[in-house]
Structures are given as C-alpha cells and as structure tokens.
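Below you'll find the structure, written out as structure tokens, and then a few comments.
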Amino acid sequence: GAGVSQSPSNKVTEKGKDVELRCDPISGHTALYWYRQSLGQGLEFLIYFQGNSAPDKSGLPSDRFSAERTGGSVSTLTIQRTQQEDSAVYLCASSLGPDRVEFFGPGTRLTVL
Amino acid sequence: GESVGLHLPTLSVQEGDNSIINCAYSNSASDYFIWYKQESGKGPQFIIDIRSNMDKRQGQRVTVLLNKTVKHLSLQIAATQPGDSAVYFCAENTGNQFYFGTGTSLTVIP
C-alpha cells in the first residue's frame, strides 16, 4: 500500500496476556518509530529503528515491552504480561531518515481488561 | 527529554474565520518542525513543515510561522472549515528524533 499500515486496528486482551502489534512501513523508508498515545495525551516515544543500526529503545517503559524489525521492513511490538495501564493507542510511523517527515499509520487501539 | 508545549489546549472558531494554533519549543538546537493533524480514531497526518532557515512557509490554506528568537511556532488556517476540526500537534526535531506536543483541539462551529 501507499501508506503505513498497522494491524490489528483494535485489540482487546486480558490482563497478563501477551500481545503483538504489527507495523508495515512505507516501502523504502529506513526509519521506523513506535509511539504510544493515551486518551487526550500526546505521543510517547517508545522505540526507533534506523536501517541496520541498533534500535533506540530509550522510550520503552518497562522490560515487558520489546520490538523487532525484520529485514528492515515490517516491525512487531510485543507487550508481555499486559497490564491495564498499557491500554492506549499504539502508533507506528516511518520516514526516509531521522530528520525527515514521519508518516503515521492508523494505530492499534489496545484495551487491557 | 525535550518538551514541546502548546499555549491553548482547546480552540473554537466560527466556520470561515481564520485559526491560529501556537506552540512553544524548548530546544534552541531544533532545526526542523512539523505540524500534524489528528482526527478522532486516526493517526496523525502531516500538514506542513518548516526548517530553521526559514521563518514562514505557506501551503494550501495553511501557513506556518517560526520565531526562533522566542522559540515559538504557529499554524494559521485560513477560512476554517468543519473538516478542520481535529487535534493539531507540533513536533520539533534536533536531527535525530521528533518530540511532540500534547496537541490543541480545534473545533469549528458551523
């Protein structure tokens, strides 16, 4: 597709379960970002991938959060042992580089019961 | 971390009027700025950007103004339409990462 896609669009899970969120960036974009957005809040940076470099994980809130990017394209954000405070919209963005426009996907709305 | 803030969390304007949304940034080294629009249930959408070597940039119905002296960024929307109702974020970049403000909610009154 022409834009960033994310799946699923909505995910409802029970506390303690693991979830995987997927992001397909725009083809050719070397940079990929994950953000978290709570209701009425701004974007909280989680993790950043740039090409083959080691990811910047400085925004991950706990060791329950991890992400990988396979083949420099698709990325998966994994949240283990989900907690209610993990409920938020998880946004993925991609760009041609660290100082280029970020294009966002539609997000995955995660609800932890 | 960096802080990017907005002066007004909410803004209501009459349809047809001009809107001005403001943003203050904290890092004088930031050299690239973007305004995003986010409609309910959707991801942020790029509106317009500006680099620090400019103080004004115009798009279709939108203008971004950058005042580096006071570290202030504004978005002007001309002839605001109901479809402009959304949350608007500013973002600053220091060359490695963007930092986003919390957003201003714009409501257009028909």
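Figures for the structure shown
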read-out	value
Enumeration of residues in the stretch B:1-43 that are at pLDDT 95 or above, assigned to a loop (DSSP other than H, G, I, E, B) and buried (at least 18 other Cβ atoms within 10 Å of the Cβ)	none
Odd one out for B:Val70 among (1) within 14 Å of chain A (Cβ to nearest Cβ); (2) assigned to a loop (DSSP other than H, G, I, E, B)	(1)
Spans of strands (runs of 3 or more DSSP E) in the stretch A:1-83 with at least 1 residues within 14 Å of chain B (Cβ to nearest Cβ)	A:5-7, A:10-13, A:19-24, A:31-37, A:43-50
Neighbours by Cβ (under 8 Å, 6+ apart or cross-chain): first from the stretch B:74-95, hydroxyl-bearing (Ser, Thr, Tyr); second modelled with pLDDT of 95 or more and in a loop (DSSP other than H, G, I, E, B)	B:Thr80/B:Glu15; B:Thr80/B:Gly16; B:Thr80/B:Asp17; B:Thr80/B:Asn18
Pairs, first more than 8 Å from every other protein chain (Cβ to nearest Cβ) in the stretch B:27-47, second of a type in the set (Asp, Glu), C-beta under 6 Å, six or more apart	B:Asn27/B:Glu2; B:Ser30/B:Glu92; B:Phe33/B:Glu92
Single unsatisfied condition, A:Ala93 versus (1) surrounded by fewer than 12 Cβ atoms within 10 Å (Cβ to Cβ); (2) at pLDDT 95 or above; (3) closer than 20 Å to B:Cys90 by Cβ	(1)
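The values are calculated or read from the model by the stated rules, or taken from the named source; none is laboratory data. It should be emphasised that the depicted structure is a prediction, and the values quoted were computed from it without experimental measurement. FYI the Cβ positions are ideal-geometry reconstructions off the backbone, even for glycines, and counts take in every protein chain you see.
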